[in-house]
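A.B. asks: Starting off with a structure, shown below.
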Amino acid sequence: MTMNLVPPETSSKTLSFKETARARRSIRGFLDKPMPLSIIREVLEDAQSAPSNCNTQPWNTHIVRGEKLRQLSKILHAKNDAGEFSPDFSFDQNHFYGEYRKRNDALGKAYYDAMNVMREDKEGRHRVGAMNYSFFNAPQVAFLFMPSFGDNVRVAGDIGMYGQTFLLSLAARGLGGIPQTALGFFAGPIREFLGVSDEFKLLFGISFGYPDESAPGNRIYMDRVPVDSSVTFHD
Ligand SMILES: Cc1cc2nc3c(=O)[nH]c(=O)nc-3n(C[C@H](O)[C@H](O)[C@H](O)COP(=O)(O)O)c2cc1C
């Protein structure tokens, strides 16, 4: 199913749940048109209703826009070009195996095909990967910070639920977003730039806004395996 990419001026009309769940996909190209703060607040109100382990409500979200976002983009590009990574949480695609590796490879192929970059073109891959640090042109970004509890597995799950509620709220309005682990690679400088205490860890960010229908990054559609490949029924 393709997403309704017509941006609404007001948030009064939303898709049904079924339409919303199927319309949501990762948007990698946004119009240079900031979302009104009132709609951003509605999306944040929706996200706030996410469930959390033991009702800790551990989400600590920072919304960055305007000049601040332009400054942060410059810092992130510089750090990325220099390879100065400072993630709060480890990330290694080499851990994927079997079917999981194949699905990751399918994403890589779809991504580089859409961006017209050959897999062996290292410079081209760096260039399109760096689009993460221009936030795919989104005029606003949510950084999802969290407190650290034990091995962090449960709190990370809570942030995931919050993030998905945020994304579905956008999709219901014909808007879009993309969760970005790539932003978490520079947790240190982002925390410093935003004045966030070391108490909070950065899991990922979400660039969001009005989808740009003509952006190459929005030609990517990832299939899903059938339900019966993921679910086992027990009676
Ligand atoms: C937590 C999380 C982090 C992600 N990080 C990135 C990222 O850094 N850059 C990117 O282009 N896509 C990122 N994605 C998007 C995934 O590639 C995408 O969800 C997946 O390929 C399925 O496609 P769909 O979201 O369009 O259905 C991330 C997704 C999730 C859930």
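A.B. asks: Quote the accessible area belonging to Asp92 in square angstrom, nearest 10, computed with a 1.4 Å probe and with ligands, DNA and RNA left uncounted.
C.D. replies: 60 Å²
A.B. asks: Tell me, what is the 1.4 Å probe accessible area of Arg41, in Å² to the nearest 10?
C.D. replies: Accessible surface of Arg41 is approximately 150 Å².
A.B. asks: Moving on to the next point. Within 10 Å of each candidate Cβ there may be at most 12 other Cβ atoms; applying that plus a DSSP loop requirement, which GluC sites (Glu not before Pro) in the range 19-94 survive?
C.D. replies: Here the sparse-neighbourhood loop sites are Glu84.
A.B. asks: Please give the length that would be gained between Gln57 and Glu120 if that part of the chain were fully extended, namely 0.36 nm times their separation in residues minus their C-alpha to C-alpha distance (nm, one decimal).
C.D. replies: 18.3 nm is the gain from fully extending Gln57 to Glu120.
A.B. asks: Pop out the carbon and sulfur fraction of the accessible area of the range 139-207 as a percent, whole number, probe 1.4 Å.
C.D. replies: After summing per-atom areas, the C and S share lands at 56 percent.
A.B. asks: Next question. Looking at the range 175-235, which chymotrypsin sites (Phe, Trp or Tyr not before Pro) are DSSP coil and have at most 10 other C-beta atoms within 10 Å of their C-beta?
C.D. replies: Answer by residue number: Phe233.
A.B. asks: Any idea of Asp223's accessible area? Nearest 10 Å², probe 1.4 Å.
C.D. replies: 140 Å²
A.B. asks: Counting other Cβ atoms within 10 Å of each Cβ, which chymotrypsin sites (Phe, Trp or Tyr not before Pro) in the range 40-130 have at most 10 and sit in a DSSP loop?
C.D. replies: Taking the range 40-130 and a limit of 10 other Cβ atoms within 10 Å, the loop chymotrypsin sites (Phe, Trp or Tyr not before Pro) found are Tyr97.
A.B. asks: Arg28's amide H: which non-local residues (gap 5+, or another chain) put their own amide H closer than 5 Å, with H modeled 1.01 Å from N in plane and none for Pro or chain starts?
C.D. replies: Asn218
A.B. asks: From the cross-link list Lys79/Lys201; Lys33/Lys122; Lys68/Lys201; Lys102/Lys122; Lys18/Lys201, which pairs have alpha carbons spaced over 29 Å apart?
C.D. replies: Lys33/Lys122; Lys18/Lys201, as the Cα separations exceed 29 Å there.
A.B. asks: In nm, to one decimal, how far is the modelled label at Arg70 from the one at Glu213, with both set 7 Å along Cα→Cβ?
C.D. replies: It works out to 2.9 nm between the two label points.
A.B. asks: Ok, one more. Can you list residues from other chains, or at least 5 along the same chain, whose modelled amide H is less than 5 Å from the amide H of Phe204?
C.D. replies: Sorted by chain and number, the residues that satisfy this are Leu144.
A.B. asks: Still on this model: Using a Debye calculation, one point per C-alpha and no hydration shell, please list log10 I(q)/I(0) for the chain at q = 0.14, 0.18 Å⁻¹ in order.
C.D. replies: Ignoring solvent entirely, the Cα scatterers give -1.00, -1.66.
The values are calculated or read from the model by the stated rules, or taken from the named source; none is laboratory data. This is a predicted model, so every value here is computed, not measured. As a convention, Cβ positions derive from the backbone with ideal geometry for all residues, glycine included, and neighbour counts pool all protein chains shown. The accessibility values were calculated without ligands, DNA or RNA, using every heavy atom of the protein model including side chains. Shrake-Rupley method; radii C 1.70, N 1.55, O 1.52, S 1.80 Å.
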